[in-house]
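If you scroll down you'll find the structure; I have some questions about it.
The values are calculated or read from the model by the stated rules, or taken from the named source; none is laboratory data. Just so it is clear, the structure is predicted and the values come from calculations on it, not from any experiment. Neighbour counts run over all protein chains shown; Cβ positions are idealised from the backbone, glycine included. Heads up: the accessible areas ignore ligands, DNA and RNA and are worked out on the full protein's heavy atoms, side chains in. Shrake-Rupley method; radii C 1.70, N 1.55, O 1.52, S 1.80 Å.
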Amino acid sequence: MAESLAEVRARIEALGINFKFLNEIRTSMNGIERQTWLLEYEGSQFVYVAGMKNVTLGWDVSQCSLGEGILKGLKEEFEQGHEYYKDQMEEMKEDYSKQIAAAESAGKSRKAGDLREEFSEELEALEEEMNEGGYGNWEDFMSGWNKKLEKCLSPFRTADIGDMIVEVDTRYIKKDAPSLEHAVSSLKEGMFTLATEDEWEYLCNGGTRTLFRWGDTLGDVMQEIFNVGSVSNPKEKPLLEQPNMFGLFIAYNSYKCEIIDNVAYTKGGDGGCSLCGGDGAIHVLPCYTAFYREPADKGYKELSKNYYCYRRIIRMP
């Protein structure tokens, strides 16, 4: 039987922490609604999150099925990418054909030969780029997608999650940290600690089994991620920036690497490496899943205050 908000309040007050009870809030996503307390402590907002036993976490491409909406979005992404490369090839062919014809008309056979060779090399390079991105054919695209997921997502598993008081949004570390180990140790102070990976994934997805916390769709999210038309209507809050079903702002920005109670990897993003680097959906989209892991070893040890953040929690007794 679920606790009443009065019972939850009594448990929080029993902690002896100077939380201010702002108000009762109703959070929802995908038709699921919950009521909880919105709290404040020293200027930061927190929410109470009820735990759950035997929660399924992680992802396995052989056991976990993608929803039809996700598959549809991936298919559209592939088709757009495939069309882009085909158009690029056609434009390149037309451009070189004109240059070669002009050189031959002027009697410059050597130049025409050089242009043919140059065209062949550039076309080969473009085809290689298309195939490496998975845009050569649909089967290769999905093969690349599954390989990426197998490499970067946490394993399929179950866990028991306890009740928590959770900071609504992250805060950046105050200064560059010499290592992830140092950051994890220093951020667990006093009554506050960091979420484990199991807790973080539960907080992100709320125990649901969609690959992405917002559900079985990619349409609007793709525009927001790649910044195409995402700010055309300032009255509409982007989907990624809306609170999730627990009222948390989580996994909405691939530039943020969220520190958890783990020294091997962070959650929530890759520091914007894939997006800023111009990588396609195969590499960018997994950063927005609850199950994504960003390895700590990137060839450098120091953590930048501009990319690394954390979220404080209190585990309820």
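Give me the one-decimal nm value for the distance between modelled label points at Asp169 and Asp114, 7 Å along each residue's Cα-to-Cβ direction.
Between Asp169 and Asp114, the simple spin-label model gives 5.7 nm.
Continuing with the same structure: So, R0 is 45 Å and r is the distance between the beta-carbons of Ser105 and Gln63; what FRET efficiency does that work out to, to 0.05?
Values: r = 63 Å, r/R0 = 1.40.
With R0 = 45 Å, the Cβ-Cβ based efficiency is 0.10.
Mind checking the dipole of region 23-181: about its Cα centre, +1 per Lys or Arg Cβ, -1 per Asp or Glu Cβ, Debye to the nearest 20? Write out the running numbers ahead of the final one.
Details: 19 positive and 35 negative charges, 102 e Å.
Using only the charged Cβ atoms, the result is roughly 500 debye.
So what's the net charge close to Ala112: Lys and Arg +1, Asp and Glu -1, counting the other residues with Cβ under 11 Å from its Cβ? Intermediate values should be presented prior to the final figure.
Values: positive: Lys108, Arg110, Lys111, Arg116; negative: Glu104, Asp114, Glu117, Glu118.
Residues near Ala112 contribute 0 overall.
Related question: Using a cut-off of 18 Å between alpha-carbon atoms, which lysines can reach Lys93, once sequence neighbours fewer than 8 places away in the same chain are excluded?
Leaving aside lysines fewer than 8 places away in the same chain, those within reach of Lys93 are Lys111.
Remind me, what semi-axes does region 1-59 give for its equivalent ellipsoid, largest first in whole Å, using sqrt of 5 times each Cα gyration tensor eigenvalue? Numbers along the way, then the final one.
Numbers: eigenvalues 104, 39, 35 Å².
Equivalent ellipsoid semi-axes, largest first: 23, 14, 13 Å.
Something else now. Just the number, please: carbon plus sulfur as a percent of the accessible area of the chain, 1.4 Å probe, no ligands or DNA/RNA counted. Provide the component values of the computation, followed by the final result.
On the way: 7780 of 16680 Å².
Heavy-atom surface of the chain belonging to carbon and sulfur, 1.4 Å probe: 47 percent.
So, in nm, how far is label Lys305 from label Glu241 when the simple model puts each one 7 Å beyond its Cα toward the Cβ?
Label-label distance for Lys305 and Glu241, simple model: 2.4 nm.
Sequence gap at least 6, Cα distance under 8 Å: using those rules, report the relative contact order of the chain to the nearest whole percent.
Details: 507 pairs, mean separation 76.0, N = 317.
Result for the chain is 24 percent.
Here's something else I'd like to know. Rounded to the nearest whole Å², what accessible area per residue is found for region 1-52 with the 1.4 Å probe? Could you put the intermediate results ahead of the total?
Values: 3180 Å² over 52 residues.
Value returned for region 1-52: 61 Å² of accessible area per residue.
Once R0 is set to 30 Å, what does the formula 1/(1 + (r/R0)^6) return for the Cβ-Cβ distance between Arg315 and Lys72, expressed as a FRET efficiency to the nearest 0.05? Please list the in-between numbers first.
Values: r = 40 Å, r/R0 = 1.32.
The value I calculate is 0.15.
Tell me the label-point distance for the pair Met92, Leu123, using the 7 Å Cα-to-Cβ offset, in nm and rounded to one decimal.
According to this spin-label approximation, the distance is 0.9 nm.
Still on this structure, please answer the following. Would you indicate which of [x] 19.3; [y] 17.7; [z] 20.6 is the value of mean projected area of the Cα convex hull in nm² derived from the coordinates of this structure?
Label of the calculated value: [z].
List the relative contact order of region 263-307 as a percent without decimals, with contacts defined as Cα pairs under 8 Å and 6+ residues apart.
Values: 38 pairs, mean separation 23.0, N = 45.
In percent, rounded to a whole number, it is 51.
Quickly estimate the mean residue ellipticity at 222 nm for the chain, helices only: each DSSP H run with n ≥ 4 gives -39500 (n - 2.57), and the total goes over all residues, rounded to 500. Provide the component values of the computation, followed by the final result.
Values: 9 runs with 118 residues, N = 317.
The helix contribution divided over the chain gives -12000 deg cm²/dmol.
What GluC sites (Glu not before Pro) does region 234-304 have in DSSP loop regions with at most 13 other beta carbons within 10 Å?
Values: sites: Glu236, Glu241, Glu258, Glu302; in loops: Glu236, Glu302.
Those that pass, being in a loop and sparsely packed, are Glu236, Glu302.
Roughly how many whole Å is it from the C-alpha centroid of region 52-114 to that of region 171-217?
36 Å
Report the charge-dipole magnitude of the chain in Debye, nearest 20, computed about the Cα centre from +1 at each Lys and Arg Cβ and -1 at each Asp and Glu Cβ. Don't jump to the answer; show the numbers that get you there.
Numbers: 36 positive and 55 negative charges, 275 e Å.
Roughly 1320 debye, rounded to the nearest 20.
Hey, what's region 67-174 come to in accessible area per residue, 1.4 Å probe, Å²? Intermediate results must be reported in sequence, preceding the final value.
Values: 6640 Å² over 108 residues.
Value for region 67-174: 61 Å² per residue.
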